[in-house]
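Working notes, beginning with the structure itself.
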Amino acid sequence: MTTSKLGKYLSGLGLLGLVIFLCVIPFYSTDYIVSVLLDILTWIGLTQSWIILSGFTGYISLGHSAFFGIGAYVMAILWLKLPYPLIILISAMSSMTLAFAIGFPVLRVRGPYFVILTLGLSEFAKYIFINYEVNVKGTVGRILLGVPNIRTLYFSLLIIAIVTILCAYLIKRSRFGYGLFSIKEDEDAAESLGIDTSIYKWLALGISAFFPGAIGATMALRRTYIDPYSVFDPIVSFQIIVMAFFGGIGKLHGPVLGACILTLISEFFWARYPHYYLIILGVILVFIVKIMPSGILGIFDLFGKAGKVVKFVRRK
Amino acid sequence: MMKKFLLLVIGVFLIIFCLNGGALAKDNIRIGFSMALTGPFAPAAKGQMDAYLLWEELVNKNGGILVKEFGRRLPVKLVYYDDKSEAETAVKVYEKLITDDKVDLLFAPNSTTIHFAVFPIAEKYKAPIVGNTAASVKLRDLKSKYFWFVTATMADRQMRALVDLLISLKVKTVAVVNIQDIFPRENLEFLIPYLKGGGFEIVLQKDYPRGIRDMVTVLSEAKGKNPDAFIALSTPPDTFLTAAQIQEVGFNPKFFFQLIGAAAVAFGPRLGAATEGISTFGHWSPKAPWPGAKAFLDNYVAKFKVIPDYLNSTLAYVSCQIIEQAVERAGTLNWEKLSEVIAKEEFPTINGPIRFTGSENLQTPAMVLQWQKGEIEIIWPSEVATAKPLYPKPPWPKK
Amino acid sequence: MDLGSILQIVFTGLIMGSIYALVAVGLNLIYGTMRLLNIAHGEIIMIGAYVAYWLFTAYGVSPFFSLILSSFVTIVIGLIICKIIFLPMIRSGKSEESIQSNALLLFFAISIILTNVVILIWTADIRGYSYLTGVVQILKVPVMLNRLNAFLVALVICVIAYFFLQKTMLGKAIRALIQERTAAKLVGINSDRLYLVSFMMAFGIAGLTGALLSMIYELSPFMGFPYTITAFVVIILGGLGNVLGSLIAGFIFGFVETVGISVTSPGLQSIISYGVFIGVILYRPKGIFGKGL
Amino acid sequence: MALLECQEVTKNFGGLMAVTNVSLQLEKGEIVGLIGANGAGKTTLFNLISGFYPPTNGSIRFEGDEIAGLKTHDICRKGLVRTFQLVRPFHNMTVWDNVMVGALFGVQKCKNVSRAKEEAMKVLEFTGLHEKKEIPAKELTIADRKRLEVARSLATKPKLLLLDEVLAGLTSTETTEAMKLVRRIRDEMGLTIFMVEHVMKAVMGLSDRLIVLHNGEKIAEGNAKEVSKNPTVIEAYLGEKLHM
């Protein structure tokens, strides 16, 4: 048992080292590098919070950009009226509250019907905001002046991303996590073993909506101008899923890696070939899916599985 | 498993540092900007991009820009990235241009949204940016020494010009439709009070969402009201749809105004003779008496085989001319000095002389244009008009 | 609301409905047989539109003829994509879940590639052409010919698709595959060949829809995505895999949108259509006819 | 007072009378077999008792309080748990995790994961699955899967266990193994067992009492000998009575 304890200790140290490394980077790199890190942290936060609902319970959500949008709008409404970390918290709370409000009826629907229902809900939210802005406010967008500088935004996003990962990590190892995973495997069997599946799904949806609210609020400051079309963009919901599956939703660090690698690859080609980078990315994605069907972590799984079978056969 | 993960993540972060480019010796002027090559703004951005490319070619043809500081003409090189019509990507682009590529000068991005997002960059790095394809009254609140915008068609001035024209044409009843988008909605905000102030009767007022696929129901309702003037505060996709379906419904208003898109490249060929009498907004025409206006049209057509967008292409080209002359007058690429020159001086451009008051161009009047015999003429205000307003608009040609 | 405007609403509802039904049929076929959600469906429609545009403007080929040509082009694309990417993946015997997630990634990549290839060839400019812009009076209500033509062609294709699935052997095999995949394979239905057929049929109909739409609307490389969302909404309303259901749901959705516009104001159009969609799914989680998979 | 009491339980699915007026009682510590031809309403009765769907009318009482119409997870927490005719393991979870789910959410509701691990380990040893605890459930043989299903239910510390054809599809050695396990569950754990079975040898051998269903109605009740002689049962099973 000692080797795995040592292993745990080492990876714990490594993790701490990584966090310190992330805290120090912004002071030694150009604003551009910090903005790339900002992108990565945004996607890590969004995919990791998406995993809490869709990765754990199997209810694939195609509407997470709605939570992002609500966070952005709450920030825009409260900007300069309250200290900005408090607004981020309020934005996160409001997007969670909305998730709780619609949670029950929506989570009764299952399978692809749930997937497309969430897409419909996020489009519905977008047009509600558009009509509210147009008819009541008389404008379509809002400006946020005097926004904090990029490094402050970087650190708030770093905190949000770390809290998201920690939250997902704790849930996964907790009783709540076991409940969610049983729902994913077989909801009726889970129900018959004493799991109140509707409450568990409902809680997972709420928690999963909390973090995109916070990220939306922070990124609203980054954009300084937000309008419903850009913050409720359905393509963001698709990109979240692509990153999560790309990283492999089985393991916790799958989406973290998926977000890092996919953002960096697209950044690299985006900077080199402004006209062709999307075609190159599309082709790379097709190749990667063909070679590693279960996502980037597929390579680790292959080694991992081989190890387990050998252990089992040896004991026999 | 965790150890493998940590190794890979640290390795991944090291790749980042290979992203930044190296610095270059001073043998050209590198001008950086972000452009919507993909995403919803891409169609409108094309006219602006081509204007930049045309300007680069023409400037380099006569040796580049004379910079006294280096004692010779320096050729220009455009450095640009795709901002995917996203505000945060555009912000990242300008941070990359300034802190990573370390470009000498900056040009403006496309669309009002992105201008707003990029404004704090100009402020933070004290980098002068002459905005072009942005038009919102809120731009005036951006008090900055490093950010200007060339467009004269602010919603209030534009709608004032339109209503004054309607008064002069003795129009009585008006129908208004608008798309739920930034600039059109802002124009509506000023149009309605001006119309009420001018004693007009608004017989119909409706808005519609982006991506609308059918205008027939609204247009036949408007036809039922039989207004003298029909004002559609629209954007390119719905401008084309309305122009087609208004003929289907057989609605023949005496005055027909479409906001954005009626001066677009594809509008003329798409409607052919039906364009006769359709008016739109703008502030340029090749027939205007400004130096280089006709030459700009000819050079553009020679290079791209299509006429320029009377709005985006001209605004973009004007902003390039201003920066070019500012560099020559200031004799240096130093941002501080350039900002002073841009803020104070008057610059002759293909859109007439422009001098900024604050960050706005109040010199160029907001105008109303109209299609007459296949050409776009300026019909209002009368002092710069290149043709008399055609009122009432001839009915749609029979198919 | 005099008779004229009511008829106007009915005609527009029918025209929009027929377009939505046609848009949804292809998506439903692929989902029905292979349980894969094709999020690049809108892009295939866009390709069909551009092919029709290109043939008309460059070679003066009348769009009637290019209906067949553009669907031929998209059928070939469907063939290539299915053969090279999807069939090997399905044969690889991976778990159902990983096939579906990989398919999502692949379709996402395909939609990016197609959009940007079109941008490279035709630039991102808005394009369009005028064809059949004559106006005909039906019951004293003016209807432009190209919209009438879109309605008639869409209706014909929907009827053909319906009878193909109900009456022909191939159609019955596809429906068997939709109902119960493993059982269908057991009774000797060559599922690979059928996957190919439904792919080609779905892509072909999408290409043809694109050609039809190119006569009415302007083209841009980004016109596809809204149609993907609408197609998703319609096949869910009709019940996944229930091809007949999605045809009817397409018409219902078209009418809801048109009536919603005229009764309230066009500004609320999307709120009404998505609101109705959400209401229906919450009330009947397997689509209106409850026969969905 | 009976552990489980059904009175006039009826269920119809739009005209089809699946179960009609079934009344029965189970005492603590009994093994009761529920037999009947296919479609006699056995699994429907199990689904009614375990709360999968509410009865059209009639009452079901467990330890005296009414459970008809309660949600499945509430009934499980009261100590009544069932296994499925078609086994439903959590495929991608290991055997140990599967059983832990039962420990975490059943009657005892272990608050933290480590205690649940210990509880699950006990059940694994009891059911002889502890050697395979690290293997994902999808890699088990059918016999082990059935055993896992039982182990998972036991981990919820129930009072009444509903076994739905737990012996179906097993070889003769596997059947005797499974029968030994069922008997040990009743004897060593003191559980009451209500099992649906087609394997006559097993159900006759194991159960203290038998209840026979036919076309949704209870046609006979009693020990193995009485039931096998009962004329209505024979007629139900063999069709028309042979007139010698």
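The values are calculated or read from the model by the stated rules, or taken from the named source; none is laboratory data. If you're wondering where the values come from, they're calculated on a predicted model, not measured in any experiment. Every residue, glycine as well, gets a Cβ built from its backbone with ideal geometry; the counts of neighbours run over all protein chains shown. These accessible areas exclude ligands, DNA and RNA; they are computed on the full protein's heavy atoms, side chains included. Shrake-Rupley method; radii C 1.70, N 1.55, O 1.52, S 1.80 Å.
Annotations for the structure displayed:
- Per-region count, the range D:174-193, residues open to solvent by less than 50 Å² (accessible area, probe 1.4 Å) and touching a helix residue (DSSP H, G or I) at 6+ places or on another chain (Cβ under 8 Å): 9
- Yes/no for C:Val76 being without any contact (Cβ under 8 Å) to a residue 12 or more places away in the chain, open to solvent by 10 Å² or more (accessible area, probe 1.4 Å) and not in a helix (DSSP H, G or I): no
- Meets criteria (among the aliphatic types (A, V, I, L, M) and part of a loop (DSSP other than H, G, I, E, B)) for B:Ala343: no
- Residue check, C:Leu105 open to solvent by less than 20 Å² (accessible area, probe 1.4 Å), among the aliphatic types (A, V, I, L, M) and closer than 30 Å to A:Phe245 by Cα: yes
- Condition met for B:Gly277 (more than 16 Å from B:Asn132 (Cα to Cα) and either of a type in the set (Gly, Ala, Ser) or modelled with pLDDT of 90 or more (or both)): yes
- Of the helices (runs of 4 or more DSSP H) lying entirely inside the range C:189-293, the ones with 2 or more residues being under 30 Å from A:Tyr132 (Cβ atoms) and more than 14 Å from chain B (Cβ to nearest Cβ) are found at C:224-238, C:243-263, C:269-283.
- Among (1) at pLDDT 90 or above; (2) open to solvent by less than 10 Å² (accessible area, probe 1.4 Å); (3) under 19 Å from the mean Cα position of the chain (by Cα), the one test that C:Met34 misses: (1)
Yes or no, residue by residue, for (1) open to solvent by 10 Å² or more (accessible area, probe 1.4 Å); (2) charged (D, E, K, R); (3) closer than 20 Å to B:Gly277 by Cβ:
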site: B:Leu142; (1), (2), (3): no, no, no
site: B:Gln158; (1), (2), (3): no, no, yes
site: B:Leu165; (1), (2), (3): no, no, yes
site: B:Lys170; (1), (2), (3): yes, yes, yes
site: B:Phe190; (1), (2), (3): yes, no, no
site: B:Val203; (1), (2), (3): yes, no, no
site: B:Gly224; (1), (2), (3): yes, no, no
site: B:Asp228; (1), (2), (3): yes, yes, yes
site: B:Ala232; (1), (2), (3): no, no, yes
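- Filtered by the rule that a residue be open to solvent by less than 30 Å² (accessible area, probe 1.4 Å) and in a loop (DSSP other than H, G, I, E, B), the range A:271-289 gives a lone residue, A:Pro274.
- Only one of A:Gly14, A:Gly58, A:Gly45, A:Gly63 that is in contact with a Lys or Arg (Cβ under 8 Å, 6 or more places away or on another chain), more than 10 Å from chain B (Cβ to nearest Cβ) and small (Gly, Ala, Ser): A:Gly58
- A:Tyr178 at the interface with another protein chain (Cβ under 7 Å from one of its Cβ atoms) and either touching a Gly at 6+ places or on another chain (Cβ under 7 Å) or assigned to a helix (DSSP H, G or I) (or both): yes
- Restricting the range B:278-295 to residues that are free of Cβ contacts under 8 Å to residues at least 60 places away in the same chain and in contact with a strand residue (DSSP E or B) (Cβ under 7 Å, 6 or more places away or on another chain) leaves a set whose member that is surrounded by the most Cβ atoms within 10 Å (Cβ to Cβ) is B:Ala293.
- Count of residues meeting criterion [over 17 Å from D:Ala103 (Cβ atoms), more than 9 Å from chain A (Cβ to nearest Cβ) and either among the β-branched types (Val, Ile, Thr) or part of a loop (DSSP other than H, G, I, E, B) (or both)] in the range D:65-84: 4
- Selection within the range A:231-246 - touching a Ser or Thr at 6+ places or on another chain (Cβ under 7 Å) and either within 8 Å of chain C (Cβ to nearest Cβ) or assigned to a helix (DSSP H, G or I) (or both): A:Pro234, A:Val236, A:Ser237, A:Ile240, A:Met243, A:Ala244, A:Phe245
- Matching entry among A:Leu80, A:Leu38 (being in contact (Cβ under 8 Å) with a residue 24 or more places away in the chain, within 14 Å of chain B (Cβ to nearest Cβ) and on the phi > 0 side of the Ramachandran plot): A:Leu80
- In the range B:336-365, the residues that are open to solvent by less than 10 Å² (accessible area, probe 1.4 Å) and among the small types (Gly, Ala, Ser): B:Ser339, B:Gly352
- Number of residues in the range A:247-269 that are over 12 Å from the mean Cα position of the chain (by Cα), more than 7 Å from every other protein chain (Cβ to nearest Cβ) and modelled with pLDDT of 85 or more equals 5.
- Test: D:Phe105 is among the hydrophobic types (A, V, I, L, M, F, W, C), outside the structural domain of D:Gly41 (by TED's automatic domain parsing), under 22 Å from A:Ile183 (Cβ atoms) and under 16 Å from the mean Cα position of the chain (by Cα): no
- Restricting the range D:123-144 to residues that are small (Gly, Ala, Ser) and away from chain A (no Cβ under 14 Å), the residue that is farthest from D:Leu170 (Cα to Cα): D:Gly128
- Qualifying residue in the range B:60-72 (condition: of a type in the set (Gly, Ala, Ser), closer than 21 Å to B:Ile322 by Cα and under 21 Å from the mean Cα position of the chain (by Cα)): no
- Within the range B:94-103, the set of residues being within 9 Å of chain A (Cβ to nearest Cβ) and touching a Ser or Thr at 6+ places or on another chain (Cβ under 7 Å) comprises B:Glu95, B:Thr99, B:Asp100.
- Within the range A:138-189, the set of residues being touching a Ser or Thr at 6+ places or on another chain (Cβ under 6 Å) and of a type in the set (Gly, Ala, Ser) comprises A:Ser156 only.
- Residue in the range C:50-60 that is touching a helix residue (DSSP H, G or I) at 6+ places or on another chain (Cβ under 9 Å) and part of a loop (DSSP other than H, G, I, E, B) present: no
- Members of the range C:153-180 that are farther than 17 Å from C:Gly245 by Cα, open to solvent by less than 60 Å² (accessible area, probe 1.4 Å), free of Cβ contacts under 8 Å to residues at least 40 places away in the same chain and assigned to a helix (DSSP H, G or I): C:Leu170, C:Ala173
- Residue ID - nearest to C:Phe203 (Cα to Cα), chosen from residues in the range C:127-152 that are hydrophobic (A, V, I, L, M, F, W, C), within 11 Å of chain B (Cβ to nearest Cβ) and open to solvent by 30 Å² or more (accessible area, probe 1.4 Å): C:Leu148
- Tally, over the range D:104-128, of residues that are closer than 18 Å to A:Thr197 by Cβ and open to solvent by less than 30 Å² (accessible area, probe 1.4 Å): 3
- Which listed residue is open to solvent by 20 Å² or more (accessible area, probe 1.4 Å), within 18 Å of A:Leu166 (Cβ to Cβ) and assigned to a helix (DSSP H, G or I), from A:Phe210, A:Phe268: A:Phe210
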